[in-house]
Amino acid sequence: MNKSIILIITLLLSFTVFSQEKYTISGYVKSAETGEELIGATVYIKSKSIGVSANVYGFYSLTLSEGVYDVSYSYIGYNEQTIKVDLSRNIQKNIELAETVNKLDVVEITGEKADNNFKSIEMSVNKIDSKTIKKIPALLGEADVVKSILLLPGVSTVGEGSTGFNVRGGGIDQNLVLLDEAPVYNSSHLFGFFSVFNPDAVKNVKLIKGGISPEYGGRLSSILDIRMKEGNKKELTGSGGVGVIFSRLSVEGPIVKDKASFLVAGRRSYADVLAKPFLNENLKNTKFYFYDLTAKVNYELNAKNKLFLSGYFGRDVFGSGFIFNWGNATATARWNHIFNEKLFMNLTAFYSDYDYAFGVDEEDPADDFDWNSSIVSTSIKPDFSYYLNNKNTLKFGAQSIYYDFKPAQATFASDGQTSNISLREKYGIENGIYILNEQKIGARTSVLYGLRWSHFAYLGKGIKQTYRDTIPGITKPLDEEISFAKNKSIANYNFFEPRLSVKYDLTEFSSVKASYNRMTQYLHLISNTIASTPVDIWLPTTNNVKPQVADQVAVGYFRNFKNNKYETSVEVFAKDFQNQVDYIDNARIFFNEQLEGDLLSGDGRAFGLELYVKKNTGKLTGWVSYTLSRSERKVNGISNGDWYPNRFDRLHNLSVVNSYELNKKWSFSANFVYSTGTPGTFPTNRYEIQGVVVAHNVDNKRNNFRIPAYHRLDISATLTPKKNEDRKWKGEWVFSIYNVYSRKNPFSIYFEQNQDNPRKTDAIRYAVIGTLVPAVSYNFNF
């Protein structure tokens, strides 16, 4: 017999003998108490040293050779469950984990596996659950999502009363804030003192600062991904609180037990109601309040299909005579579909509207002023996860977002004569397609690599403006205007955005990670103030305003100690920014049809070191974070063309967060924060002209001085009365003091001529909160 034929037969026989059929076990991991999916729950086969984590929708998929296996399901705060599986065919297995009866006295940042800090390929990521948020001392005793993330490494703000947050040297507009996948353009109530997110409705908070996956796009600096609770599928429950400034209430329960549920949560401030009897006649019509409503329903059609509907609506009203009125509205529809044991899809459609109004609160229409502005976005977004095998998970998808910008719809009336000073609407469409693969290479190495392609079109109906070049720092003169019909393309941009993350396990308890990502942003926040305000304007990329681009590299070392009791990380990062928007001196931001002539474009850079130590278990828990960083810009026409610090640049940023469980009745928490003062532009000289002092900056440098450092201590004590296990109602009292030692932290410094001595100039230090703020609140659930 021919030797080659013998060889082929031998190989075929060998394949038949030694090869084994492979099958897949897949399904959802849920809470036995509520039916909620457990994001990031661990599924592990000890005999094979193979495991997988559930995705953000609680779905998992694990492929193995035919055989009998002990499959373990775990999630921190829940009892581990192990089942025996005869994998002789594909199996769909949904698991419900019961909460641990004798809970540890711990503060958990996340319910994922304790070693996720160094085992996961993710880096530059922090996660906080609602229980942790509620333990952190806060202003007036009200738990707050955004204020909680300010205590994490790499995150800062310009000061109290400022809207938004800054991440790794980026601006507040460079953070993509998502509520159930819908963007939120202004995340603050009451000019930044509280966030718009009701902690009773929040399930999970994830902040991504680097190593950003290709599935995300549209912002340069970070992704704040907030997932709402789905609603209890087992029984009707509720929670809420009564505080000094507002009260809240949430109710959730089954519509069809184990198949459909709902959640409704609302808040309303009442400072206006309490203060009204004490206001004088001139202030009797003063309005200052906010409210929000969050709602969600979900329905499990069958084993392979789930539907979700969620929405948010919130508003702030403030003023007397002149009234500010602003708020967000979002709506999200999601469909989860399992094509087979390896292919999972989530289809999302959302609507998001941020609008504000500013006007005169007068009954006489003869003298009036009304100004409305908004940004509305609608989107469709399919995402697919294909579990190729235990070493490769493929994800791919696309997104299209349509934008409608209304910078100003305004009228004013005087002596019965009305004038329309509205600005033209602007339109745009942003598209993206991505693909990525998370791959395990050997026992120690994991790699995530992928590519995102993004496209933006600035659309009509609109005007294409062209400006002539001039001396940098001076308003550019308008050259010509060309009209475009509806949906006609005025300007187009395309970018490829590569992403890469690598993890290598050094030991059983440590790893090193590295990442690179390029991000492109097509939206611009037009504001020349030091912090976001309700009347800031969002505008699209145009033929004159180019897309912002950022490249970031990060490297880190991650190590856990004492059986994951302590986790630590050290990260360094460097970011390069292009096409950063800035303004000429005395730029006219509002009601300016030729605003683009006042805008400048330049480069930016940021680099830093982040240290993080967290104690997970025991009576004393918490973390310490420290950031050493710089954030600078270079714009031709500003500061003599030299590099200058961003207004939100802080060299040092330290946060210490601790929680101590004394016993079952009393627990205590404390925060301490310290940060270097932010820069400001101050005069270096002064002139006197006929007794009037004129300030002058002889060096023409921007942000040439720094205000004093910021530091603050907050404390709280929580009293939980003795529980009666037979009672449904459970409550707790929270006593807190914000700014314990009454530090007058300066928000800004300004100058004015001394009234007694005109030759003297006084520097006035403005502090938003200059004293301690005690508070008492009562929280309950039933």
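The values are calculated or read from the model by the stated rules, or taken from the named source; none is laboratory data. Keep in mind it's a predicted model, so treat the numbers as computed, not measured. Here the Cβ is made from the backbone with ideal geometry for all residues, glycine too, and neighbour counts use every protein chain on show. Accessible surface is based on the protein model in full, side chains and every heavy atom, while ligands, DNA and RNA are left aside. Shrake-Rupley method; radii C 1.70, N 1.55, O 1.52, S 1.80 Å.
Looking at L600, L628, which one is touching a residue at least 40 places away in the same chain (Cβ under 8 Å) and not in a loop (DSSP other than H, G, I, E, B)?
Criteria check complete, one pass: L600.
Tell me yes or no: at least one residue of the range 739-747 is open to solvent by 90 Å² or more (accessible area, probe 1.4 Å), without any contact (Cβ under 8 Å) to a residue 12 or more places away in the chain and in the same structural domain as F648 (by TED's automatic domain parsing).
No, the range 739-747 contains no residue that is open to solvent by 90 Å² or more (accessible area, probe 1.4 Å), without any contact (Cβ under 8 Å) to a residue 12 or more places away in the chain and in the same structural domain as F648 (by TED's automatic domain parsing).
I want to confirm something. Restricting to the range 39-50 and keeping residues that are open to solvent by less than 10 Å² (accessible area, probe 1.4 Å) and not in a strand (DSSP E or B), which single residue is nearest to V205 (Cα to Cα)?
G40
Residues in the range 91-115 that are at pLDDT 85 or above, aliphatic (A, V, I, L, M) and in a loop (DSSP other than H, G, I, E, B): how many?
Here the count works out to 1.
Given D180, D173, D200, which one is acidic (D, E), within 19 Å of P540 (Cβ to Cβ) and touching a Lys or Arg at 6+ places or on another chain (Cβ under 9 Å)?
From the options D180, D173, D200, the qualifying one is D173.
Return the total of residues in the range 215-227 being open to solvent by less than 10 Å² (accessible area, probe 1.4 Å) and either hydroxyl-bearing (S, T, Y) or in contact with an Asp or Glu (Cβ under 7 Å, 6 or more places away or on another chain) (or both).
So the count comes out to 3.
Scanning the range 672-696 for residues that are surrounded by 13 or more Cβ atoms within 10 Å (Cβ to Cβ) and either not assigned by TED's automatic domain parsing to the domain that holds V624 or not in a strand (DSSP E or B) (or both), which turns out farthest from the chain's Cα centre (by Cα)?
Looking at the filtered set, the residue picked out is T684.
Please give the number of the condition G192 fails out of (1) modelled with pLDDT of 95 or more; (2) crowded, with 22+ Cβ neighbours inside 10 Å; (3) farther than 17 Å from I133 by Cβ.
Evaluating G192 over (1) modelled with pLDDT of 95 or more; (2) crowded, with 22+ Cβ neighbours inside 10 Å; (3) farther than 17 Å from I133 by Cβ leaves (1) as the failure.
Here are I401, I435, I421: which of them is under 30 Å from Y354 (Cα atoms) and under 24 Å from the mean Cα position of the chain (by Cα)?
After ruling out the rest, the residue left standing is I401.
Looking at the range 603-622 only, could you name the residues that are assigned to a loop (DSSP other than H, G, I, E, B) and without any contact (Cβ under 8 Å) to a residue 40 or more places away in the chain?
none
Among the listed residues L423, L436, which satisfies the condition of being surrounded by 15 or more Cβ atoms within 10 Å (Cβ to Cβ), among the hydrophobic types (A, V, I, L, M, F, W, C) and touching a helix residue (DSSP H, G or I) at 6+ places or on another chain (Cβ under 9 Å)?
Just a single option satisfies the conditions, and that option is L423.
Counting only residues that are in a strand (DSSP E or B) and open to solvent by 70 Å² or more (accessible area, probe 1.4 Å), which one in the range 657-671 is farthest from N739 (Cα to Cα)?
Per the criteria, the residue is W666.
Can you spot a residue in the range 77-90 that is among the aromatic types (F, W, Y) and either surrounded by fewer than 17 Cβ atoms within 10 Å (Cβ to Cβ) or at pLDDT 90 or above (or both)?
No; the residues of the range 77-90 include none that is among the aromatic types (F, W, Y) and either surrounded by fewer than 17 Cβ atoms within 10 Å (Cβ to Cβ) or at pLDDT 90 or above (or both).
Give G618, G641, G608 a once-over and let me know the one that is out of contact with any strand residue (DSSP E or B) (no Cβ under 8 Å at 6 or more places or on another chain) and open to solvent by less than 40 Å² (accessible area, probe 1.4 Å).
Just one listed residue meets the conditions, G618.
Those residues that are closer than 23 Å to K296 by Cβ and crowded, with 22+ Cβ neighbours inside 10 Å, I need them from the range 150-180; list them, please.
L176, V177, L179, D180
What number of residues in the range 308-342 are touching an Asp or Glu at 6+ places or on another chain (Cβ under 8 Å) and not basic (K, R)?
Of the residues in the range 308-342, 18 are touching an Asp or Glu at 6+ places or on another chain (Cβ under 8 Å) and not basic (K, R).
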